[in-house]
Amino acid sequence: MSILQILKSSFKSIFARKLRSILTMLGVIIGIMAVIVLVGIGQGTTSSVMENMQSLGGNIVTINFRSNNPTYDELKTMLQNVQTASITPVSSSQGTAVYKTNSESMSLTGTTATYLDSQSLTLMAGRFISDVDNENRSNVVVLGGTIAKSLFDDSYKALGKLLRINNVYYTVIGLLSSENSDVMNNSGNAVILPIATLQKSSVDKSISRAYVMGMKDTDGSVLANRINTVLLKTLTSNDYSTFGQEQVLETMSSVSNSLSLMLGGIAAISLIVGGIGVMNIMLVSVTERTREIGVKKAVGATTGAILKQFLIEALVLCGLGGVIGVGLAAILGSVVNSMGITFTGNAGISLLAFGISLLIGIIFGLLPAIKASKLKPIDALKYE
Amino acid sequence: MISIKGLTKTYPSGRGKMTVLDEINLEVQKGEFISIMGKSGSGKTTLLNLIGLLDNFDSGSYKLSGVEMKSVDQRGLARTRNRDIGFVYQNFNLLANFSALDNVMLPQLFGGVPAQRARKKAQEFLELVGLGDKLKNRPTQLSGGEQQRVAIARALINEPELLLLDEPTGTLDSKTGAEILELVKTLWVKNKMTILVITHDREIAGEAQKTLHIKDGKIMEGSAGL
């Protein structure tokens, strides 16, 4: 028999035993789908977390002051010998904002123009505070989209309006997009003023935090080391702590890796269970197939011809299951994606899962066939 | 055509062995139509299976067309079954998932004949046994007599010199059985192949040129001819 004919007869035989074929393929389909989807979700989550982190800037060092807080000018002096792209101070205080009958209490952030970049924020409308605003101690404010909406009902209406914060009027000059607002970056509720404006009425000019951005080619950990060296000349290690993106990245990546590993493990179990399903069905159908083998041997089929037929049949069956599994995984992946979970397809894993399923199908499809094809024709014919 | 000398076949039974065929001697000439009769358990089916190369024997010699079958390898046996022997069983042994046409085609395909030619020939043979209008029917869509006709077409499609029938009418009613017998006879007259048929039916035995009686694994003396 030619390969083409064997293929044809395989399809015939697969379609003739629809239930058995579907059950066999189901194991392969579920196994492959589980591997691709779970590994895809694991990798997608990892890479989306990494991207998020990296978008915050790979070489930004955050300094949190606990005691002996310096002023912005003092900090600039301390860091004058460290090459930096920007030093962004943050001074916080509480306030109540009132617009007509709406009132909100909120935390105020006093900072400089570089805050926008170092926090990877985007403006929805208007402009961000500028160096000139700081020099002039202008009464201007930039609002997050969420808070602007609650105060002005429609956030776009806020632009240019006067907002009373702690009984002082400020002009709303810009609105922050709250689109990529998350736990790390609550830009929707931000209320940002020039640091000089915020501090003009208070005696305490110290800052609570600073973001130091390194030059483009400076490594984050190198930058953190340099900062620590100079800060320790005037401060003790109890006064402050530095926190680099590197550290966050490392922590996140180890979390993501264990997540991927866990998902991969679950997927591998599905594949094994699927494989056992394939094995069971193949073994169960042996009775029926043994008689078929007997009939074929009796009319002159050689052992080789019979094995070739079973091999191709198992390949077709598991291959078909594999293709369906990959297809369903792609559909499921896009569904998962649309639900907001990042799914990354991985050709290597898909191929591996496909290969394993194929192997399981061949081994457990072929083993009973080998056994049966070695029987004498009369024994195979009489097999019950 | 067939030359059997001292052929012995045993089956394991409990601790010992049970002798099913005990030093059988048999000569069959080309073109002969021989019936084999005997009680169940006498060894007649075993003998037919051995002649049809479906089973192997313990000792003795079996020459088919002058070739000692004991020394032929598995591949050679498969080829001989394919080309030289047609086998018809009491229970038909058709593949349930295959149409009549596909069942009849099988020996051709395993003999290396291209599908298109095999299909055409299978159609001819099904027409020959009177089933030209049921090519696509599965065995379950055919009556017992029709299934046996399909089996006969399958046995004959490679035009073997030897046709073996193991109680071909055993599960059929007498009218259908008679029709099958008539068909076999017609084919024999036309094709001049050698026929061995196991039967309980004296009518079939009466059609044969010779009847062998088997008892306890031996061919009874003087059983040749009726």
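What follows draws every value from the coordinates through simple rules; no lab data is involved. Predicted, not measured: the structure shown is a model, and the values here were computed from it. Virtual Cβ from ideal backbone geometry, glycine too; neighbours counted across all protein chains shown.
Which of rounded, prolate, oblate describes the stretch B:2-219, given a ≥ b ≥ c as roots of the alpha-carbon gyration tensor eigenvalues and a/c under 1.5 marking rounded, otherwise prolate only if a/b is larger than b/c?
Taking the square roots of the gyration eigenvalues as a ≥ b ≥ c, the stretch B:2-219 is prolate.
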Degrees separating the helix B:100-110 axis from the principal Cα axis of chain B, which is the longest one: 60 degrees
Integer Hz, Karplus 6.51/-1.76/1.60 couplings in order for the stretch B:81-98, x for Gly and Pro: 4, 5, 8, 9, 10, x, 10, 10, 9, 4, 9, 6, 6, 8, 7, 5, 8, 9
Between B:ARG75 and B:MET18, Cβ-based FRET efficiency (R0 41 Å, step 0.05) works out to 0.85
Taking a ≥ b ≥ c as the square roots of the Cα gyration tensor eigenvalues, with a/c under 1.5 meaning rounded and otherwise prolate when a/b beats b/c, else oblate, which class fits chain A? prolate
Kyte-Doolittle mean at least 0.5 and Cα axial length at least 15 Å: DSSP H helices in chain A: A:3-16, A:18-55, A:220-234, A:245-284, A:303-338, A:347-373
Taking chain A as a Gaussian network, where each spring joins two C-alpha atoms under 10 Å apart, which residue of A:ALA190, A:ALA329, A:ALA301 fluctuates the most? A:ALA301
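For the stretch B:161-213, run through the trypsin sites (Lys or Arg not before Pro) and keep only the ones in DSSP coil with at most 13 other Cβ atoms within 10 Å of their Cβ. Provide the component values of the computation, followed by the final result.
On the way: sites: B:LYS175, B:LYS185, B:LYS190, B:LYS192, B:ARG202, B:LYS210; in loops: B:LYS192.
Here the sparse-neighbourhood loop sites are B:LYS192.
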For B:ILE36, B:ILE157, what's the fewest-to-most ordering of other Cβ within 10 Å of each Cβ? B:ILE157, B:ILE36
With the Cα gyration tensor of the stretch A:31-127 giving a ≥ b ≥ c as the square roots of its eigenvalues, does the rule (a/c under 1.5 for rounded; else a/b larger than b/c for prolate; else oblate) give rounded, prolate or oblate? oblate
Please go through the stretch A:17-118 and write out the trypsin sites (Lys or Arg not before Pro) that DSSP classes as loop and that have at most 10 other C-beta atoms within 10 Å. A:LYS100
Residues A:LEU351 and B:THR8, FRET efficiency given R0 of 41 Å [Cβ-Cβ distance, rounded to 0.05]: 0.10
Give the distance, in whole Å, between the Cα centre of the stretch A:1-41 and the Cα centre of the stretch A:342-384. 10 Å
For the stretch A:69-234, just the Cα atoms, rotate onto the principal axes and tell me the three extents in Å, largest first. 51, 35, 26
Considering amide H positions built from the backbone, and no H for Pro or chain starts, which residues 5 or more places from A:SER86, or on another chain, come under 5 Å of its amide H? A:MET213
Within the stretch A:28-43, the residues whose backbone N lies under 20 Å from a label point placed 7 Å from the Cα of A:ASN257 along the Cα-to-Cβ direction are A:39-43
Of all DSSP beta bridges having both residues in the protein assembly as shown, the percent classed as antiparallel (nearest 5) is 70 percent
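Quick one: how many lysine pairs in the stretch A:16-172 have C-alpha atoms under 30 angstrom apart, if they're 8 or more apart or on different chains?
Values: A:LYS100/A:LYS149; A:LYS100/A:LYS157; A:LYS100/A:LYS161; A:LYS149/A:LYS157; A:LYS149/A:LYS161.
So the count works out to 5.
Determine the alpha carbon to alpha carbon distance for each of A:LYS371/B:LYS121; A:LYS382/B:LYS63; B:LYS44/B:LYS190 and list only those over 30 Å.
Details: A:LYS371/B:LYS121 33 Å; A:LYS382/B:LYS63 26 Å; B:LYS44/B:LYS190 27 Å.
Listed pairs above 30 Å: A:LYS371/B:LYS121.
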For B:LYS175, counting only aspartates and glutamates whose alpha-carbon sits under 19 Å away and dropping same-chain residues fewer than eight positions off, the answer is B:GLU146, B:ASP166, B:GLU167, B:ASP201, B:GLU203, B:GLU207
Quote the FRET efficiency, to the nearest 0.05, computed for A:ASN228 versus A:SER93 with a Förster distance R0 of 30 Å and r equal to the Cβ-Cβ distance. 0.60
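Report the local net charge at B:ILE36: Lys and Arg +1, Asp and Glu -1, summed over other residues whose C-beta lies under 11 Å from its C-beta. Write down the numbers at each step before the final one.
On the way: positive: B:LYS44, B:LYS210; negative: B:ASP166, B:GLU167.
Net of charged neighbours comes to 0.
At 0.36 nm per residue, minus the direct Cα-Cα distance, what do A:LEU162 and A:SER48 gain on full extension? Give it in nm, one decimal, please. Mind showing how you got there, number by number?
Numbers: separation 114, 0.36 × 114 = 41.04 nm, distance 3.90 nm.
Extending this stretch completely gives an extra 37.1 nm.
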Give the angle, between 0 and 90 degrees and rounded to the nearest 10, that separates the Cα long axis of helix B:144-156 from the longest principal axis of the Cα atoms of chain B. 80 degrees
Using the count of nearby Cβ atoms within 10 Å as a rough guide to exposure, how do B:THR46, B:THR10, A:THR88 rank from fewest to most? B:THR10, B:THR46, A:THR88
If amide hydrogens are placed 1.01 Å from N in the peptide plane, which non-local residues have theirs closer than 5 Å to the one on B:VAL197? B:ILE34, B:SER35, B:ILE36, B:LEU165
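What does the average come to when, for each residue of peptide B:42-54, you count the partner chain Cβ atoms lying within 10 Å of its Cβ?
Working: counts 0, 0, 0, 1, 1, 0, 0, 6, 1, 0, 3, 6, 10.
That average works out to 2.
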Sort A:PHE15, B:PHE125, A:PHE128 so that the residue with the fewest other Cβ atoms within 10 Å of its own Cβ comes first and the one with the most comes last. A:PHE15, A:PHE128, B:PHE125
Given H placed on each backbone N at 1.01 Å, which residues far from A:ILE129 in sequence or on other chains put an amide H within less than 5 Å of it? none
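How many partner chain Cβ atoms sit within 10 Å of a residue's Cβ in peptide B:150-161, on average, as a whole number? Mind showing how you got there, number by number?
Details: counts 0, 0, 0, 0, 3, 2, 0, 1, 2, 0, 1, 0.
Taking all residues of B:150-161 together, the mean is 1.
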Return the average number of partner chain Cβ atoms within 10 angstrom of each residue Cβ along peptide A:366-378. 2
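As a check on your grasp of the helix formula, calculate [θ] at 222 nm for chain B: sum -39500 (n - 2.57) over DSSP H runs of n ≥ 4, divide by the residue count, round to the nearest 500. Before the final figure, lay out the partial values.
Working: 7 runs with 81 residues, N = 226.
Calculated from helices alone, the mean residue ellipticity at 222 nm is -11000 deg cm²/dmol.
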